[in-house]
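The values are calculated or read from the model by the stated rules, or taken from the named source; none is laboratory data. Worth saying up front: this structure is predicted, and the values here are computed from it rather than measured. A quick note on method: Cβ atoms are made from the backbone with ideal geometry, for glycine too, and the neighbour counts reach across all protein chains shown.
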């Protein structure tokens, strides 16, 4: 049962303990903007690497799609094993900024080691794992900082602004990589070193400009891991977690779409790093509008429509079209998918999770997605290797359509939940 009265009493109690809470209703807030700046720099750094990584591994080092699928799954899925730890530790210590900073720092320092690894698959796997461990540690504490810095009615907008700034970095990263490769042929070493410098700057911005206040009163009881996992007892959250995990299992890595486009269009390798620019541009333009729309009409429908957009991207790869139309449709649908799902899912889940377990609860959700995407990358890589590109995308499309239908049933319409009203048992414990 959801009780608005309990939520109101909880907010009054929180405002008395945390002076910043009473000022959250003003809008997005400085915390979301500061973290957006950090993410802009970090994503610029990461996407410089991500933009050239498929080309570096498949064309430069001669890996098969199956080998790339394994590394891509590792790159996107290893975070599953540390997300929950990062979220829980942030809640336990009540130091979300510190834990996020550790994650950003790990991702920064590993960039030069991509050069040292060379063609050694084991060394490459270890380096990519460290980078993704850093991402896994930081993501939930960062999203918790955003969620806790604004009121429940503006969650979608705040995450939309953050994701738009994040995507601005994602847009600039491939462009920077392209310019470096254009100036110096096969200049992967320059890409990796510039990426390291930009990531380091992001860590410095985090230290200087992101508030590091504790999210809990001094002397309060810290949540245990059992209590964090206990969020699964809430039916709405449990259904959302199952839906997100299933959707992750049919979400292949972006690199496969880009490799598919290169295969279909016979693109020169020098233009490959530019492919993510299209999807990033669409994401950048639509992230804030979709966040505001989700706050206005509820977050369930935009999230489901976003996954249908991903289905559109998969299906476009199967159509008998070529040239600019294939490029625009595929990248446009991919960007729409991210704009309607990434921040919207966090906004959908966040208000229903108790404040003292916000990072851990979001981490559980992100862990489900990451595990699913790890499996999806490996399976798609195997399907492409064994059956070919067309058959692999056909299987992915059919599977995604089926899972979207299941997700529509699991994520039931609940306007009160979309407005951020938490279960009365949680609200009462914190009032």
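The number of residues in region 70-83 being closer than 18 Å to residue 386 by Cα and either at pLDDT below 70 or in contact with a strand residue (DSSP E or B) (Cβ under 8 Å, 6 or more places away or on another chain) (or both) comes to 2.
I'd like the residue in region 243-272 that is touching a residue at least 24 places away in the same chain (Cβ under 8 Å) and over 25 Å from residue 397 (Cα atoms) and, out of all such residues, is nearest to the chain's Cα centre (by Cα).
271
Inclusion of residue 377 among residues that are part of a helix (DSSP H, G or I), without any contact (Cβ under 8 Å) to a residue 60 or more places away in the chain and crowded, with 24+ Cβ neighbours inside 10 Å is not warranted. If you go through region 121-134 and keep only what is closer than 14 Å to residue 370 by Cα and surrounded by fewer than 23 Cβ atoms within 10 Å (Cβ to Cβ), you end up with 129, 133. Checking each residue in region 387-401 for being without any contact (Cβ under 8 Å) to a residue 24 or more places away in the chain and exposed (fewer than 15 other Cβ atoms within 10 Å of the Cβ) picks out 387, 388, 391, 398.
Pairs meeting the criteria (first residue in region 210-227 and closer than 19 Å to residue 32 by Cα, second residue modelled with pLDDT under 60 and surrounded by 13 or more Cβ atoms within 10 Å (Cβ to Cβ), beta carbons under 7 Å, at least 6 apart or on different chains) are 213/20.
Residue count for region 230-270 under the criterion of being touching a helix residue (DSSP H, G or I) at 6+ places or on another chain (Cβ under 6 Å) and on the phi > 0 side of the Ramachandran plot: the result is 0. Scanning region 139-160 turns up no residue that is more than 15 Å from residue 346 (Cα to Cα), surrounded by 24 or more Cβ atoms within 10 Å (Cβ to Cβ) and within 20 Å of the chain's Cα centre (by Cα).
Could you list all residues from region 313-333 that are in a helix (DSSP H, G or I), in contact (Cβ under 8 Å) with a residue 12 or more places away in the chain and surrounded by fewer than 17 Cβ atoms within 10 Å (Cβ to Cβ)? Can you show your working first?
First, pick out the residues of region 313-333 that are in a helix (DSSP H, G or I): 313-316, 324-333.
With in contact (Cβ under 8 Å) with a residue 12 or more places away in the chain added as a condition, the list becomes 313-316, 326-333.
Within region 313-333, just 328 meets the criteria.
Screening region 205-238 for residues that are at pLDDT below 80 and closer than 20 Å to residue 101 by Cβ and picking the one that is surrounded by the fewest Cβ atoms within 10 Å (Cβ to Cβ) gives 222. When region 245-304 is filtered for residues that are surrounded by fewer than 22 Cβ atoms within 10 Å (Cβ to Cβ) and assigned to a loop (DSSP other than H, G, I, E, B), the ones remaining, listed by number, are 249, 266, 267, 268, 298.
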